[in-house]
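What follows draws every value from the coordinates through simple rules; no lab data is involved. Keep in mind the model is a prediction, meaning the values are calculated, not measured. Neighbour counts are summed over all protein chains in view; Cβ atoms, including those assigned to glycine, are modelled from backbone coordinates with ideal geometry.
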Amino acid sequence: MTEQSVTADVKPSNLNEKTAVDHLMALLAVEGLSGEEAEVSREIRKRLENIGCRPSWIRHDNAHKRIGMNYQVGNLIVRIPGKGSLRNQPRRMFSGHMDTVPLCRGAVPVIKGPRIVSSGRTALGGDNRTAVAAMVTLVETLLSDAQSRPPITLLFTVGEETGLNGAKEVRMQDLGNPAMGFNIDGGNPKFAIVGAIGADRWVAGVHGRSTHAGVYPQGGISATLIASRAISKVAEKGFFGKIDVDGQQGTSNIGMISGGEATNQVTDFVRVTGECRSHSKSFLKKITSEYRKAFEEAVAETPNNRGDKGRVEFDAERDYDAFKMSSRAEPVVIIKKAVKQMSGEAILLIADGGLDANYLNLKGLPTVTLGAGAHGAHTIDESVVIAEYLDACRLLPLLATC
Ligand SMILES: [Zn+2]
């Protein structure tokens with residue numbers, strides 16, 4: 001690590017920067033894609049026990065059984081008892097997701113000046129191993145400190161990247177019913193996310209009719225043509241990509257198209273999957289309904305030579321609802337105070353992406369999200385700004401106790 005990477009003004013005396021970075025480097029080197037978190041959770045548990053966590057404080061919940069999809073393990077939950085004068089205070093929770101995106105497969109982290117980067121052509125996994133390592137470092141700081149603390153829960157979630165699965169399935173009683181949460185996921189720790197966008201996911205199954213494409217195409221109904229027409233309609237009306245219609249904003253995307261069997265066959269079936277997002281609940285509904293309508297219209301406009309039509313099964317589901325916390329909510333007040341103690345000013349933001357905090361808030365646990373130095377998530381240019389990561393490592397003990 002280079003000298004210029006250390007910038008914070010306030011340093012709780014017991015933050016060991018070297019071990020904080022060691023935790024991060026070790027955790028970045030462990031593969032753990034969504035649903036395959038067994039190995040990284042073992043590494044976390046090993047590190048926690050090495051720094052003084054009692055094995056009885058650490059357990060997995062059985063969220064993986066509720067998620068299905070062959071998830072290896074559930075969320076990893078650590079419950080640390082309070083101590084001293086704060087021991088009967090309401091429980092505070094810290095959370096971060098263990099899984100990384102497929103682009104991180106085989107990542108080898110290296111320190112390059114003030115940053116950690118991936119040495120090959122993979123993403124790094126700073127999203128979200130910075131959170132995991134900062135939480136391990138938090139425990140190390142708390143346990144090596146004579147200072148009082150409230151009861152603390154750590155929640156290491158599974159499957160965040162594929163739909164916030166671990167957070168969706170976690171149960172408050174397994175967490176020890178915390179009063180507030182601090183979710184770690186992102187870059188600069190001063191940016192506190194106090195709200196998030198809402199999102200829908202949908203799947204359109206387009207059924208056509210297969211005939212020989214050379215001999216009798218006019219008798220067929222092309223699912224490919226129906227899907228293409230539907231997508232063009234949505235785009236022409238301004239509901240594809242970045243959306244700004246009648247002063248209302250949102251986004252939408254088609255992520256996958258699959259189907260068809262042979263070039264000489266009119267396509268029988270195409271499956272199209274996509275998502276829509278907006279801060280406005282009613283506009284989100286509108287965007288999703290534009291897709292549904294477009295597929296239905298395209299079906300009607302694409303008959304075969306006898307007037308027969310295909311059909312579409314359009315299934316949309318709410319991925320998560322938009323939310324916004326009050327600036328007087330307890331975790332917001334605490335984060336402002338803690339950042340001030342680090343000679344900074346917390347900046348409150350609304351996120352455009354889904355976060356585990358969306359579900360935690362939905363379950364009634366007021367949760368703010370802050371970063372721990374991860375940048376360029378889900379790209380091969382991903383990096384960790386070491387100074388920001390260390391700032392987060394200094395900030396977390398303040399959030400736990402101030
Ligand atoms: Zn993340």
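Odds and ends about this structure:
- Cleavage-rule hits (trypsin sites (Lys or Arg not before Pro)) in the stretch 301-331: DSSP loop, at most 11 neighbouring Cβ within 10 angstrom: ARG306, ARG328
- Amide N proximity, the stretch 213-243 versus ASN253 label position 7 Å along Cα-to-Cβ, cut-off under 15 Å: 240-243
- What you get for the stretch 198-320, charging only the Cβ of Lys and Arg (+1) and of Asp and Glu (-1), is a dipole of about 160 debye around the Cα centre.
- Amide H contacts under 5 Å for GLU382, placed H, 5+ residues apart: LEU124
- Length-normalised contact order for the stretch 198-320 - Cα pairs under 8 Å, 6+ apart - percent: 42 percent
- For LEU33, the residues whose amide H sits under 5 Å from its own are THR100, ignoring neighbours fewer than 5 places away on the same chain, with H placed 1.01 Å from N.
- Long-range amide H partners of LEU348 with built H, under 5 Å: ALA192
- Considering only the chain, percent of DSSP beta bridges that pair antiparallel, nearest 5: 75 percent
- The listed peptides 220-232, 106-118, ordered by packing as a protection proxy, come out as 220-232, 106-118 (highest mean of other Cβ atoms within 10 Å first).
- For the stretch 323-402, convex hull volume per residue from C-alpha positions, Å³: 103 Å³
- Estimated dipole of the chain in Debye, rounded to 20 [Cβ of Lys and Arg +1, of Asp and Glu -1, Cα centre]: 1020 debye
- Whether the stretch 198-336 is rounded, prolate or oblate, judged on the alpha carbon gyration tensor where a/c under 1.5 counts as rounded: prolate
- The chain: angle of helix 223-236 to the longest principal axis, Cα-based, in degrees nearest 10: 60 degrees
- Extreme residue, positive dipole direction of the chain, given options VAL384, PRO114, SER85 (C-beta unit charges): SER85
- MRE, 222 nm, helices only [DSSP H, n ≥ 4, -39500 (n - 2.57), over the chain, to nearest 500]: -9500 deg cm²/dmol
- Among HIS279, ALA262, TYR216 - extreme Cα towards positive end, dipole of the stretch 198-320, charges at beta-carbon: HIS279
- The simple Förster model, with R0 at 22 Å and r as the Cβ-Cβ distance, assigns VAL245 and ILE350 a FRET efficiency of 0.65.
- Area projected by the alpha carbon convex hull of the chain, averaged over all directions, nm²: 21.6 nm²
- Span from the the stretch 190-259 Cα centroid across to the the stretch 65-91 one, whole angstrom: 40 Å
- Phi angles across the stretch 199-213 convert, under the Karplus curve 6.51 cos²θ - 1.76 cosθ + 1.60 with θ = phi - 60°, into 3J(HN,Hα) values of 8, 10, 10, 9, 10, 10, x, 9, 9, x, 9, 8, 9, 5, 6 Hz, Gly and Pro given as x.
- Whole-Hz Karplus values for the stretch 385-402 come out as 7, 4, 4, 5, 4, 5, 4, 4, 5, 7, 6, 4, x, 5, 5, 6, 10, 7 Hz, taken residue by residue from phi with 6.51 cos²θ - 1.76 cosθ + 1.60 and θ = phi - 60°; glycine and proline positions read x.
- Between the helical axis of 281-300 and the longest alpha-carbon principal axis of the chain there is an angle of about 30 degrees.
- Farthest toward the positive end of the dipole of the chain, out of SER343, LEU24, LEU142, is the Cα of LEU142, where the dipole comes from beta carbon charges about the Cα centre.
- Placing a pseudo-label 7 Å from each Cα along the Cα-to-Cβ vector at LEU143 and LYS337 gives an inter-label distance of 2.7 nm.
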